[in-house]
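Undergrad: Below are the structure tokens for one structure; questions will follow.
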Amino acid sequence: MKLKNKVAVVTGGNSGIGFGIAEALKNEGAIGAITGRNQVTLDNAVKELGEGFIGIKGDVTNLDDLENVYKVTAGKFGKIDTLVVNAGGIVDGQPMMSISDVTEQNYDLYMNLNLKSTYFSVKKALPYLNDGASIILIGSTAAHRAAPGMTIYAAAKAAVISLAKGLSLDLLSRRIRVNTLSPGSIETPVFGKIVPEENLAGLKQMWVNIIPVGRMGSPADMGKAAAFLASDDSEFIVGTELISDGGMTNIS
Ligand code: NDP
């Protein structure tokens, strides 16, 4: 158990990758909190995780909500050792868009959800973090491979990778490490937000055909990578990006 009694917060831990990461941290002995806006999926996820984890409702684009997440977690468990800034992705009801359809409001929503919220998820956590904590930002291989309709999302995730580098230096005096974990194509509910139900199987098969190892990634794959970045096994890994994508980013 590499994270025995370490206190973790996983934003967006009520679904997909965030839940897979929370499970993996728990399996390594961590306790703590998962967050999300949807109370029903939050309750279900907490029940599935079992003893040691609580759910805290909050919107990561709301700075008061972020403050509350950390205050409640630290109040219950003590200071935080592992922060996984995972909440993000597709803005509700506004999946891929061509440049002709993008509005200023749509642009701001994507940047707020994927970039601004990441920065402030870290900043607001600082008073509640232990020295020597590990912060894991969830990026995306979309930062490295262009995809139609995903330009703003991809740019925000590229900036997240940059944030990890800068924040690592900012937080060096407290020995707080910041790294990015960039997933490739991972099987989560997000694909149901991008294409209609009848196209889901086709989309997934397309990814299986493209990804060199011949399968999509799973939330459990992301959990293993995150547990490594959270643990002392990665103590000399600072400000870098770990890509977990079955080899996809390397193919031209
Ligand atoms: P899901 O849609 O399954 O999960 C998204 C999570 O983010 C949910 O827990 C959701 O909870 C939470 N969330 C979304 N908006 C907000 C908000 N405003 N405030 C608080 N929580 C929010 O997607 P994934 O698990 O696939 O995505 C998780 C992360 O991984 C994202 O950052 C995404 O960009 C990244 N990623 C995913 C890839 C994939 O292939 N699946 C590939 C590369 C990166 P709720 O709705 O309850 O608020």
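Undergrad: Over region 79-130, with a single point scatterer placed on each C-alpha, what log10 of the ratio I(q)/I(0) does the Debye formula yield at q = 0.15, 0.21, 0.27 1/Å?
TA: Reported log10 I(q)/I(0), two decimals: -0.51, -0.76, -1.02.
Undergrad: So what is the orientation-averaged projected area of region 17-132, using the convex hull of its C-alpha atoms, in nm²?
TA: 7.9 nm²
Undergrad: Per 0.36 nm of contour for each residue apart, how much would the distance between Leu169 and Ala146 grow if the chain were fully extended, relative to their Cα-Cα spacing?
TA: 5.4 nm
Undergrad: What's the longest piece of the chain with no exposed GluC sites (Glu not before Pro), counting a site as exposed if DSSP puts it in a loop and it has at most 14 other beta carbons within 10 Å?
TA: With a cap of 14 other Cβ atoms within 10 Å, the longest stretch comes to 52-234.
Undergrad: As a footprinting exposure proxy, order Ile54, Ile99, Ile152 by other Cβ within 10 Å, with the fewest listed first.
TA: Fewest-to-most ranking of Ile54, Ile99, Ile152: Ile99, Ile54, Ile152.
Undergrad: If you don't mind, there's one more thing I want to ask. Which percent, to the nearest 5, of DSSP beta bridges fully inside the chain are antiparallel?
TA: The antiparallel proportion sits near 5 percent.
Undergrad: On to the next question. Can you give the helix-only mean residue ellipticity at 222 nm for the chain, where every DSSP H stretch with n ≥ 4 adds -39500 (n - 2.57) and the sum goes over all residues, rounded to the nearest 500 deg cm²/dmol?
TA: -13000 deg cm²/dmol
Undergrad: Could you state the angle between the C-alpha long axis of helix 63-77 and the longest principal axis of the C-alpha atoms of the chain, as a value from 0 to 90 degrees rounded to the nearest 10?
TA: For helix 63-77, the angle is close to 40 degrees.
Undergrad: Something else about it: To the nearest 10 degrees, how steeply does helix 151-170 sit against the main Cα axis of the chain, on a 0 to 90 scale?
TA: 30 degrees
Undergrad: Let me know the shape class of region 32-89, please: from the alpha-carbon gyration tensor, a ≥ b ≥ c as square roots of the eigenvalues, rounded when a/c is under 1.5, otherwise prolate if a/b is greater than b/c, or oblate.
TA: Oblate.
Undergrad: If the viscosity is 1.002 mPa s and the temperature 20 °C, what Stokes-Einstein diffusion coefficient in µm²/s follows for region 82-166 when Rh is the Kirkwood radius over Cα pairs?
TA: Answer, rounded: 158 µm²/s.
Undergrad: I'd like the Kirkwood hydrodynamic radius of region 7-247, using the inverse of the mean 1/r over distinct C-alpha pairs, in Å.
TA: 17.9 Å
Undergrad: Among Val40, Val102, which comes first, second and so on when ranked by fewest other beta-carbon atoms within 10 Å?
TA: Result, fewest neighbours first: Val40, Val102.
Undergrad: Just list whichever of Lys57/Lys123; Lys47/Lys224; Lys6/Lys204; Lys47/Lys79; Lys2/Lys57; Lys124/Lys157 have alpha carbons separated by over 30 Å in the model shown.
TA: Lys6/Lys204
Bear in mind these aren't lab numbers, they're just calculated from the coordinates by the rules spelled out. For clarity, every value in this text was computed on a predicted model and none was experimentally measured. Don't worry about glycine lacking a Cβ; one is built from the backbone with ideal geometry, like all the others, and counts go over all protein chains shown.
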